[in-house]
Amino acid sequence: MRTFFRWLSVAALGLLSAPALADDATAARVFEGMPDGDQDYAALVRLWDDFLFWQDPKNAGKDKSLVDVAGLEADVYPDYSAAAMAARLHELGKFQDELQRFAVVDWPLEQQVEFLAIRARLDEQEFTLRVSRPWSRDPGFYVDRMLRLTFADLPVSGDTLVELERQLEAIPGLAEQGRTNLTEVAGDYADLAIFNLSNADGVGHGFPYRAEPPPGVLGWYDDLLDRARRQQPGLVGQIEAARAAVESFREWLVANRPSMNADAGVGKDAFDWYLKHVKLMPYTSDQIVTLGQRELDRLWALYALERHRNRNVPEIEISQSAEEYQSRIEETDAIIRQFLVDEDIITVPDYINELSTNVPWIVRDGGPNFWEQIQFRDPTPDHLHAVIPGHRFDAVVERNNPHPIRGRLTDGARAEGWAVYLEEAVMNAGLLDDKPRVRELIYLFGIFRAARMPADVWLQLNVMTADEVADYWIERVPYLDRDVARVDAEIYLRRPPGYGLGYTTGMLQMQSLLAERKRQLGDEFSLKDFHDEFMAAGRLPLSLVHWEMTGDGTAVATLWSREPLPAD
């Protein structure tokens, strides 16, 4: 029998053909440690509302701004002192205490799933406040907040002008907070921050295009200053003052770098706790290393066989112009959309329109970087991953999900695991049967993602530095350049732990779910229904989606008796 939630989610997606689960798969489960209080499900929804508001008061709905780890807007610079963060941790504790008051043992399975998803989000906040502590360990926490305002388009007026002036005036105070609060800085973090202040990263994720990229954060202030002198002179003085504060912060970092020698990773005990309680993954860090190394070998073997198979097929040449590249994107988009429909891969709701692309046309002095080496040859791998039916498609579906919890909760490994799964899955469903050289590009994407799995663990266990991880990747990933390797190492070191490994680990969980549903349904299995049902579940951690779709709670049974976070 289909539950009301499942009807609501599927209807919202326009996926009314999705199959109902058997009664025994949707029945509630009782596990040791499951809360047996007196608060109902409606109270859980209210707690989730309150928690989202606590995280980000201004943007507690779906259209969230970039928020910092203190839960506040990234362009607002509140108090990051030890006392303020201790107060924040105390407030979080009140939310966590409430969790034991819910009558979870009496709830249907889909509500039990949502409870664990919410608890994981609260545990993520505790981990950040108690273990990651970027405001005291990572100078990049402040450098990131110094950068974004420099991208402002000038001239500005009205409320936009007021906001830009407020941000500029806050920069000196932000820099002073950094000097005060950064008492346990990791060497890797310090080196990355110093580099980013004075050097272009060579990738420019999300940066405005410049034919000659500005040299780091300070270069972007110079870019803003030059534009202000020509377009809005009234801002020149404020920009100069903000730039001087950023320069002073860089000088302070350089002067104090010899004493900044803490570890950047969180350590094995804390990381394993994080994988279990926050990521809700059924693997330890040691197991993830083994799985990652196995995936890397598997994909290299497939790549070698594909290269042999295609040895007499011409190589794909890189696009020679923006126009040629755009033409390839449009052709690819049309082919993929038609394939999804013709081959019954997934339902494409009516509200899915044009979804843009993930890699803009850029001419670099040193030639295309890793992503561009693939994308400029054929957009298919990244279009599947990042456009349709990957990230952009996925995000639009989420925005159209009215569920009060699932419509406002996204797990990183679920989002990335789905996107990586699609690369090989849609290829193996027949998309590239007539494009053998593009199959090679799919494997190249997979090789880089698989190489992240062990390296992400080694970063957090302090086995490797960011530079050593970049070297490890460059040795194993064709086309990989130093800039992309360095930037990726920085992203996965400095983001909440486990993001980099989530790509391929999530893909493995997706394959496990696909395999189990095929075994359960046999000849009644439908790939389209499987994908539609998966999308209807929302972007919850994959172990929870697996439990809900299959009825198998093995992977979540041990999660209910929550272990305390290892001592600092």
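A few notes on this one:
- Contact order relative to length of the stretch 268-558, as percent, for alpha carbon pairs under 8 angstrom and 6 or more apart: 27 percent
- Gain on full extension, evaluated as 0.36 nm per residue between Asn312 and Arg230 minus their Cα-Cα distance, stands at 23.9 nm.
- Count, lysine Cα pairs under 28 Å in the chain, 8 or more residues apart or across chains: 20
- Over the C-alpha atoms of the stretch 140-259, the Rg to Rh ratio, Rh being the Kirkwood estimate, stands at 0.97.
- Restricting the chymotrypsin sites (Phe, Trp or Tyr not before Pro) of the stretch 176-243 to loop positions (DSSP other than H, G, I, E, B) with no more than 12 neighbouring Cβ atoms within 10 Å leaves Tyr209.
- Taking θ as phi - 60° and the Karplus parameters 6.51, -1.76 and 1.60, the scalar couplings of the stretch 387-400 work out to 10, 9, x, x, 3, 5, 4, 4, 5, 5, 4, 4, 5, 9 Hz in sequence order, x denoting glycine and proline.
- Convex hull of Cα atoms in the stretch 268-558, direction-averaged projection (nm²): 15.9 nm²
- Normalised by the number of residues in the chain, the mean separation of alpha-carbon contacts (under 8 Å, six or more apart) gives a relative contact order of 20 percent.
- DSSP loop GluC sites (Glu not before Pro) with at most 14 other Cβ within 10 Å excluded, longest remaining stretch of the chain: 355-568
- You can think of it this way: the chain between Asp263 and Ala87 has 60.8 nm of extra reach, that is 0.36 nm per residue less the Cα-Cα gap.
Quick note: the coordinates plus some simple rules give every number you see, no bench work behind them. Since the structure is predicted, the reported quantities are computational estimates derived from the model, not experimental observations. All Cβ positions, even for glycine, are placed from backbone atoms using ideal geometry, and neighbour counts span all protein chains on display.
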